[in-house]
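Q: Would you mind keeping the following structure in view while I ask a few things?
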Amino acid sequence: MSSIYEALQRARQGGRSGAGLRPPPAPAAPPPAASPIGHALAPLLAAVRPLIDAAEGAVFHLVAATPGEGASTIAREFALAAAAAGIGHTALVDADRRTLATARAFGCDPRRGLAEALRPDGGGLGEALQPAAGAPLAVAALFGEAGPGQAEAATVREVYRRLKEQFRLVVVDCPPVTGGEFPALAPEAGDGVILVVRAETTRPAVVAHAKAQIEQCGATLLGAVLNRRTNYIPDFLYRML
């Protein structure tokens with residue numbers, strides 16, 4: 001497994017119209033400048049840009065091996081960085097139903113998600129999408145709190161299909177692999193999985209097990225993001241290397 005990117009801690013220191021979808025409004029002002037983490041994610045975005053450009057809507061799943069490795073933070077910053085970089089309309093989907101931290105951070109209604117919106121009386125996916133201010137980005141929960149315990153994989157695949165009709169990029173913020181919910185998110189239906197690993201904390205055996213589980217789902221593992229990496233070299237020297 002190759003490592004796509006290892007600079008997050010250093011950064012902290014320094015269409016088509018689809019049925020039932022409502023496209024995010026065009027930003028009234030230029031997209032906001034990328035955050036330090038967003039700047040650090042530029043190599044990751046460059047690495048996957050050919051996959052985005054080659055697809056008519058690309059779906060990437062971001063997942064950690066265990067809780068607390070920062071997958072939700074990376075997913076949010078990656079989606080924002082992609083929108084700011086001119087990728088086009090981007091969707092950020094919070095698939096971690098236990099917390100819905102990403103959906104709540106953008107003001108989404110946690111009671112309903114995209115899976116529920118697919119129902120005949122659900123109003124369409126557009127009703128569950130929350131446009132983000134100042135960027136061509138829309139955010140939604142995959143499953144709402146009031147919905148069933150777990151949607152069928154066929155329903156999840158249909159959500160992805162509908163989103164790909166409207167958005168150039170779909171970023172799925174997934175619960176950790178170890179929780180057992182990841183296979184139900186139909187990662188094999190996406191264009192690749194990015195594994196988030198907390199540097200100097202997550203044991204290699206845990207990472208290897210997560211990698212095996214991702215591949216057992218039939219998904220394509222694109223690489224890993226090494227999060228919260230510590231620099232033992234002073235910043236001014238690091239920049240000169």
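Q: Can you tell me which residue in the stretch 186-241 is modelled with the highest pLDDT, limited to those that are surrounded by 12 or more Cβ atoms within 10 Å (Cβ to Cβ) and basic (Lys, Arg)?
A: Among those residues, the one meeting the criterion is Lys211.
Q: Go through Val177, Val159, Val171 for me and flag whichever is under 14 Å from Thr66 (Cβ atoms), crowded, with 22+ Cβ neighbours inside 10 Å, among the aliphatic types (A, V, I, L, M) and at pLDDT 90 or above.
A: On the way: Val159 fails: under 14 Å from Thr66 (Cβ atoms); Val171 fails: under 14 Å from Thr66 (Cβ atoms).
Going through Val177, Val159, Val171 in turn, just one is under 14 Å from Thr66 (Cβ atoms), crowded, with 22+ Cβ neighbours inside 10 Å, among the aliphatic types (A, V, I, L, M) and at pLDDT 90 or above: Val177.
Q: Being of a type in the set (Gly, Ala, Ser) and either over 18 Å from Thr73 (Cβ atoms) or in contact with a Cys (Cβ under 7 Å, 6 or more places away or on another chain) (or both): is that true of Gly107 here?
A: On the way: of a type in the set (Gly, Ala, Ser): yes; either over 18 Å from Thr73 (Cβ atoms) or in contact with a Cys (Cβ under 7 Å, 6 or more places away or on another chain) (or both): no.
No, not satisfied.
Q: Could you grab me the full set of residues in the stretch 70-117 that are of a type in the set (Gly, Ala, Ser) and closer than 13 Å to Leu169 by Cα?
A: Narrowing the stretch 70-117 to residues of a type in the set (Gly, Ala, Ser): 70-72, 75, 79, 81-86, 88, 91, 95, 101, 103, 105, 107, 113, 115, 117.
Hits for the stretch 70-117 are Ala75, Ala79, Ala81, Ala82, Ala83, Ala84, Ala85, Gly86, Gly88, Ala91.
Q: Just checking, does the stretch 28-47 include any residue being within 22 Å of Gln213 (Cα to Cα), among the aliphatic types (A, V, I, L, M) and modelled with pLDDT of 90 or more? Give the steps one after another, and end with the answer.
A: Let us first name the residues in the stretch 28-47 that are within 22 Å of Gln213 (Cα to Cα), namely none.
Checking the stretch 28-47: not a single residue is within 22 Å of Gln213 (Cα to Cα), among the aliphatic types (A, V, I, L, M) and modelled with pLDDT of 90 or more.
Q: Kindly provide the set of residues from the stretch 80-107 that are surrounded by 17 or more Cβ atoms within 10 Å (Cβ to Cβ) and closer than 23 Å to Ala153 by Cβ, ordered by number. Can you show your working first?
A: Pass one, the stretch 80-107, residues surrounded by 17 or more Cβ atoms within 10 Å (Cβ to Cβ): 80-85, 87, 89-97, 100, 102-103, 106.
Selection gives Ala91, Leu92, Val93, Asp94, Ala95, Asp96, Arg97, Leu100, Thr102, Ala103.
Q: Can Ala81 be described as hydrophobic (A, V, I, L, M, F, W, C), at pLDDT 50 or above and in contact with a strand residue (DSSP E or B) (Cβ under 8 Å, 6 or more places away or on another chain)? If you could, list the steps in order and put the result at the bottom.
A: Details: hydrophobic (A, V, I, L, M, F, W, C): yes; at pLDDT 50 or above: yes; in contact with a strand residue (DSSP E or B) (Cβ under 8 Å, 6 or more places away or on another chain): no.
In short, no.
Q: A follow-up question, please. Going by the structure shown, is Gly192 small (Gly, Ala, Ser), under 14 Å from the mean Cα position of the chain (by Cα) and farther than 21 Å from Leu125 by Cα?
A: On the way: small (Gly, Ala, Ser): yes; under 14 Å from the mean Cα position of the chain (by Cα): yes; farther than 21 Å from Leu125 by Cα: yes.
It is true that Gly192 is small (Gly, Ala, Ser), under 14 Å from the mean Cα position of the chain (by Cα) and farther than 21 Å from Leu125 by Cα.
Q: Just give me the residues in the stretch 115-125 being within 15 Å of Asp94 (Cα to Cα) and in contact with a Lys or Arg (Cβ under 8 Å, 6 or more places away or on another chain), in sequence order. Give the steps one after another, and end with the answer.
A: Keep residues of the stretch 115-125 that are within 15 Å of Asp94 (Cα to Cα), which gives 115-117, 125.
Scanning the stretch 115-125 gives a single hit, Leu125.
The values are calculated or read from the model by the stated rules, or taken from the named source; none is laboratory data. Quick caveat, the model's predicted, so the values are computed rather than measured. In this analysis, Cβ positions are derived from the backbone assuming ideal geometry, glycine residues included, and neighbour counts consider all displayed protein chains.
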